[in-house]
Structures are given as C-alpha cells and as structure tokens.
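Quick notes on the structure that follows.
Please treat every number below as a calculation from the coordinates, not as lab data. Nothing here was measured: the structure is a model prediction, and the numbers come from that model. Cβ sites come from the backbone with ideal geometry, for glycine too, and all protein chains shown count toward neighbours.
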Amino acid sequence: MKRRSGARPPKRTPVNASRTGAWISVKVELVEGRGQRLWPRPGRLIAASVYHSFGHLAGAIDDAFARWDRAHLHEFELSDGTRIGSADPESELDDAVLDERRLNLSRLKLGEQFVYVFDLSDDWAHLCTVDKSQIDPVETLGIVPTGPLPYFGWGTIPDQYGRGWSGDDGDAEPPPDPELTDLPPLRLGWGGRGSRSMSARSSP
C-alpha cells in the first residue's frame, strides 16, 4: 500500500461548471486489484464537466468505489502515455506525473479510453471510457452538480483492503450470524422486537 507521507485526501474545490459547458459521461469499470481480477467487473457511470479537473474525477471515482482510506497515491494514464496524478514528495520521478489539480477533462476526447489506478501498491486498476456523446446534466442527473457525480452503477464493490467485517485480520473466520439479535430494537425484527422473518416480509 503506497502512501503519501502525512497525506490527507486532496481538498476538492467546487468548480463553477455551468449547464452550457460540455458535459461528458465516463464509464468506470474496476478490472483488478490486490492481485485479483474481477469478473463480472463492477462499474459506475460518472457525469463530469470538461471544466472539472482530473483530481475532481479521481475523487468521484474513489467515492463511487467506496475508498475510505485515501492516503494513497493514485494516477491516470491516458492512451498516449500521459500520466496525471497525485504528487509523491519522496519520488525523484515525480516530474513524469502531471499535476491532476491543474489539468481539466477537456483533454479527453469523446470515445477515449484511459486507465485510473488507486493505491499504486495494491494496484486497483480501472478502465475508463468516455461516452461517444455529450450529456445534458439536468436531463441526466436532474441537477448541475459542482463536481463529477456518479449516477448509475452495477456490481459488488470490494473493500479496498479485502476486509469482510470490522475485525477481519485476514486469518480469522467470520463470526456467526446473530440474525439481528445484536441490534438495538429500533425497528421490527431487530433486537427481539417482534418476529417478522425475511420470508414473511417478501410475501405479497
């Protein structure tokens, strides 16, 4: 897990991206990570203005794929080999990576494909595909968001460290299912409040 020294998630400054500017839809599919390939590939569609930066897009992808620990390096690689990402203050090769905060998505062409990698050690690699047509954010989203916004998705998102429960250390067996008895009685079926089974709930 490659981390930035003392790193914090980059602050995302809202961009005044109006409805009249060009908006694109980017399909993001999670291909592999932590040495495993995913199939079927989970994916998300993200609406973005061409005035949004690659840094804004990275944040939206990490939101959409439930990355809760953002203290890791990440980068995009475009089809021409251009690398855009977060700076690593300890790397002598950092000049090869362009600053994601200074470059906006107008560099992308309709139909273009590129790669996004989160955590350069665990190597969560995504295939990103720009739709061949522009979109209207109001028609697609119902609003004009201040930043890139996920608006459709599919598939199961894996935990970034492969954890299945809060105490998962990679070796322990999953705890037995308490079947809701461990929950506070805040709704029917929780903590012994009433006894409505899942099968009863699903019955017409």
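So if we plug the beta-carbon distance of S121 and I157 into 1/(1 + (r/R0)^6) with R0 = 25 Å, what FRET efficiency do we get, rounded to 0.05?
Values: r = 19 Å, r/R0 = 0.77.
Efficiency at R0 = 25 Å is approximately 0.80.
Annotation for the range 112-180: GluC sites (Glu not before Pro) lying in DSSP loop with at most 13 further Cβ atoms inside 10 Å of their Cβ are E179. Extension gain for the segment E179 to L141, taken as residue separation times 0.36 nm less the Cα-Cα distance, is 9.9 nm to one decimal.
State whether the range 120-198 is rounded, prolate or oblate according to the following rule on the C-alpha gyration tensor (a ≥ b ≥ c being the square roots of its eigenvalues): a/c under 1.5 gives rounded; otherwise a/b larger than b/c gives prolate, and the remaining case gives oblate. Oblate, since a/c reaches 1.5 and b/c is not below a/b. Model label sites at A66 and R102, defined 7 Å from Cα along the beta-carbon direction, differ in position by 3.7 nm.
Which loop chymotrypsin sites (Phe, Trp or Tyr not before Pro) in the range 39-110, with loop taken from DSSP, have no more than 14 other Cβ atoms within 10 angstrom of their Cβ? Before the final figure, lay out the partial values.
Working: sites: Y51, F54, F65, W68, F76; in loops: Y51, F65, W68.
Answer in residue order: W68.
Annotation for the range 97-150: trypsin sites (Lys or Arg not before Pro) lying in DSSP loop with at most 16 further Cβ atoms inside 10 Å of their Cβ are R102, K109, K132.
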